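Read through the structure below, which is laid out as structure tokens, and then see the notes.
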């Protein structure tokens, strides 16, 4: 038994080392591949447009996919330490600001699928979690997610990734705080308040083996769903990278025009399911002169303001509250957009 | 005959879980009474916060995940 365990661990370690060394040498490897292709085909002269596009594609695709697998696996394991039941317990009866801050932070690590938004909403409220904190959770859970972070890190670097995460959390906290302050409890559908919390609060003990399996399942589920969007997005981004002239987007998507931020937010709402594919395209737009604030606002709107989620939440929120909720989040996102357009 | 309820507001995962339950029952050759509960008022009576969830004879077995037919068999015998 013990011998088997040692074999498992050493295999795992060897795998991780091979994975990391492949990642570090990715740039050189992709460079060699594109060079070799360029030597083979005359329509691919080194340094030409097609060459540039291809080099972009061959480097970014494996890089982002490898990062995605690693991070989704890691986050999948971290999530086994959290559960909605546990998060709810931590948030019960918290005061205004702390409650919002904790809810936003816990939203990033608690396993959450937007199809569970309704039972989670009711489960939180019926157990005495304040409405404002519940909103903070509902904003941050989808917005600050590992796929978005990986793509931001892979395509824009760690600074923009950190910026996205920080401002995403801030929007979640502030929107929830404001909504909690103005006392909107009467705008929650009446039947929600009639449900008095059943609490099936068992936290199953898990072994490390099970946690690792959970990480693997997360990779299967998440990466299995987004990988083609990522590749498609990078392919389009690669095309823009090679073929669109420098500064092409300064006029339309630059910081100069005041209407670009609200327009970006509005356009982002219907694009919910394709966030993984849109981000690489945005990174190429950014390079050609689009403003960072506008781009951030667009991405946040794509990820956080989703139409399917609004339709689900309509079951528990009266139309007015649904409007106020989405309006407040949209305002927060626009604020982020204007702020970064002004600062950078 | 066991009464199996799959809780979930009609998302794709809930449909898959119900299908897997049926597969498991067929493989075992046991008869079950399978019901999909999609109304949130009824779902909340069970106190779950994540869907899909599996309820056997009125008791919540698990929530927030989809299991394959093979792994579901133990809940049906």
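Throughout, read-outs are computed from the coordinates displayed, never taken from laboratory work. Since the model is a prediction, treat every value here as computed from it, not as a measurement. Cβ: placed from backbone, ideal geometry, glycine included. Neighbour counts: every protein chain shown.
Below, the figures for the structure above:
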| quantity | calculated |
| --- | --- |
| Exposure proxy ranking, count of Cβ atoms within 10 Å, fewest first, for A:340, A:298 | A:340, A:298 |
| Of A:178, A:109, A:230, the one that fluctuates the most in a GNM where chain A has Cα springs shorter than 10 Å | A:178 |
| Reference-scaled alpha-carbon Rg (2.2 N^0.38 Å with N residues) for the protein assembly as shown | 1.08 |
| Projected label distance in nm at residue A:228 and residue A:191, using a 7 Å step from Cα toward the beta-carbon | 3.7 nm |
| Sorted by Cβ density within 10 Å, fewest first, the residues A:81, A:325 | A:81, A:325 |
| Chain lengthening between residue A:69 and residue A:339 when straightened (0.36 nm per residue, less Cα-Cα) | 93.9 nm |
| Residue A:243 paired with residue A:158, simple spin-label distance in nm, labels 7 Å along Cα-to-beta-carbon | 3.6 nm |
| Nearest 10 degrees, 0 to 90: helix A:96-109 Cα axis against chain A principal axis | 40 degrees |
| Residue A:259-residue A:4 pseudo-label distance in nm [points 7 Å out on the Cα-to-Cβ vector] | 6.8 nm |
| Selected from A:22, A:179, A:138 as most flexible by GNM, with chain A as the system and alpha-carbon contacts under 10 Å | A:22 |
| Fluctuation leader among A:182, A:192, A:236 - chain A, Gaussian network, Cα springs under 10 angstrom | A:182 |
| Extension gain (nm, one decimal) between residue B:74 and residue B:41, 0.36 nm per residue minus Cα-Cα | 9.0 nm |
| Beta bridge orientation in region B:2-76: antiparallel %, DSSP, nearest 5 | 55 percent |
| Quotient of Cα Rg and 2.2 N^0.38 Å for region B:2-76, N being how many residues it contains | 0.98 |
| Residue B:57-residue A:109 FRET efficiency (beta carbon distance; Förster radius 30 Å; 0.05 resolution) | 0.35 |
| Folded to 0 to 90 degrees: helix B:12-28 orientation relative to chain B principal axis, Cα | 20 degrees |
| FRET efficiency for residue A:266 and residue A:11, using Cβ-Cβ distance with R0 set to 45 Å, rounded to 0.05 | 0.35 |
| Order of A:259, A:19 under a 10 Å beta carbon neighbour criterion, fewest first | A:259, A:19 |
| Hypothetical label at residue A:46: residues of region A:1-33 whose amide nitrogen lies under 20 Å (7 Å Cα-Cβ projection) | A:26-33 |
| Value of [θ]222 nm, deg cm²/dmol, for the protein assembly as shown, DSSP H segments ≥ 4, -39500 (n - 2.57) each, nearest 500 | -22000 deg cm²/dmol |
| Centre separation in Å (Cα based) which lies between region A:118-141 and region A:157-195 | 9 Å |
| Helix axis angle, A:49-79 relative to chain A longest principal axis, alpha carbon, degrees | 30 degrees |
